[in-house]
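*Asks:* Before I ask anything, here is the structure I am working with.
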Amino acid sequence: MLLKIKNIPNVTWSSNTPLNFKPKLKTFLFLCLGLIIFGFGSSLLFHASIGNAPWVVLAEGLSIKFSWSIGFATFISSIIVLSIWLPLRQKPGLGTIMNIVIIAGVLNLSIYQLDFSSNIIFINLFTALVGTVTAGVGSGIYLIANLGPGPRDGLMTGFQKLSGYPIAWVRAFIEITVVLLGWSLGGNVGLGTLIFAFGIGPALAFGVYLVSLINKRAPL
């Protein structure tokens, strides 16, 4: 059922329009919470040291090539991705802007100030799995806020509308394409990358389903 989800649902705290630049405080807070969770989940793959999340692979590749921090490389790549929105007729909103700023900041903070690394492969594998699910749930929260998708999710929703394929499969295709580009630039690719690339789609769908279920039982 999760893999067949094609639409991002509206809940009680969703914005009525993605181009709302004066949302309710609750909506804005959920947006920021989802972005923080997503950024932290992505950073866990870096700490696991068994292969980064695809977009972090790309950011790491850019950081190696241009001597940038991973957070700054993420910021620059997000700006570049926005330019690809034009033919997809996607429009940036407040969520798009906050996505670029918050995720880059959380990545820098977590990667350079925290340490969840381990010499035990099973712990690293568990960290990668937790990071993937965490990022998916974070995606579900901030997408449901409906304040405009982030650069990466704008590609996902744009291609989904264009192709008609389920969200999970569209997201997986994008992640695989990005990891190949990041790997060519020197980014760290491994088992963790595969876990994230194939798992983020179902994890995102789970996040969307979970938030919708909680909202129905106890309106937020």
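A short reminder: the numbers here are calculations on the coordinates, not readings from a lab. Everything quoted here is computed from the prediction, not taken from an experiment. Every residue, glycine among them, receives a Cβ derived from its backbone with ideal geometry; neighbour counts consider all protein chains shown.
*Asks:* Tell me, what are the semi-axes, in whole angstrom and largest first, of the equivalent ellipsoid of region 143-220 as set by the roots of 5 times the Cα gyration tensor eigenvalues?
*Replies:* 26, 15, 11
*Asks:* Does anyone have the angle between helix 191-217 and the longest principal axis of the chain? Alpha-carbon axes, 0 to 90°, nearest 10?
*Replies:* Helix 191-217 sits roughly 20 degrees off the main axis of the chain.
*Asks:* Using 0.36 nm times the number of residues separating Phe173 and Ile214, minus their current alpha carbon distance, what extension gain do you get?
*Replies:* So the chain would gain 11.9 nm between Phe173 and Ile214.
*Asks:* Looking at region 1-95, which chymotrypsin sites (Phe, Trp or Tyr not before Pro) are in a loop (DSSP not H, G, I, E or B) and have at most 15 other Cβ atoms within 10 Å?
*Replies:* Here the sparse-neighbourhood loop sites are Phe21.
*Asks:* Moving on to the next point. Placing +1 at every Lys and Arg Cβ and -1 at every Asp and Glu Cβ, with all other atoms neutral, what dipole size does region 1-147 have around its Cα centre, in debye to the nearest 20? Mind showing how you got there, number by number?
*Replies:* Working: 8 positive and 2 negative charges, 131 e Å.
For this selection, approximately 640 debye.
*Asks:* Treating the angle as unsigned and between 0 and 90°, give the value, to the nearest 10°, between the Cα long axis of helix 167-184 and the longest Cα principal axis of the chain.
*Replies:* It works out to around 30 degrees.
*Asks:* What FRET efficiency, computed as 1/(1 + (r/R0)^6) with R0 = 25 Å and r the Cβ-Cβ distance, is obtained for Leu25 and Val101, rounded to the nearest 0.05?
*Replies:* The pair Leu25/Val101 has a calculated efficiency of 0.85.
*Asks:* Compute the acute angle (0 to 90°) between the alpha-carbon long axis of helix 70-84 and the principal axis of greatest extent of the alpha-carbon atoms of the chain; round to the nearest 10°.
*Replies:* The answer is roughly 50 degrees.
*Asks:* Turning to a different aspect of this structure: Around Ser15, under 13 Å between beta carbons, what's the net of Lys plus Arg minus Asp minus Glu among the other residues?
*Replies:* +3
*Asks:* Let me have the 222 nm mean residue ellipticity of the chain computed from DSSP H runs of 4+ only, each contributing -39500 (n - 2.57), with the sum over all residues rounded to the nearest 500.
*Replies:* My calculation for the chain gives -24000 deg cm²/dmol from helical runs alone.
*Asks:* Which of Thr74, Thr27, Thr177 moves most in a GNM of the chain, Cα contacts under 10 Å?
*Replies:* Thr177
*Asks:* Here's a follow-up. Quote the FRET efficiency, to the nearest 0.05, computed for Phe122 versus Ile84 with a Förster distance R0 of 30 Å and r equal to the Cβ-Cβ distance.
*Replies:* 0.20
*Asks:* How far apart, in nm, are the 7 Å Cα→Cβ label points at Leu181 and Leu162?
*Replies:* A separation of 1.3 nm, rounded to one decimal place.
*Asks:* Whole-Hz Karplus ³J(HN,Hα) for region 126-133, in order, using 6.51 cos²θ - 1.76 cosθ + 1.60 and θ = phi - 60°, x for Gly and Pro?
*Replies:* For region 126-133, the Karplus-derived couplings read 4, 4, 5, 5, 5, x, 5, 5 Hz, x marking Gly and Pro.
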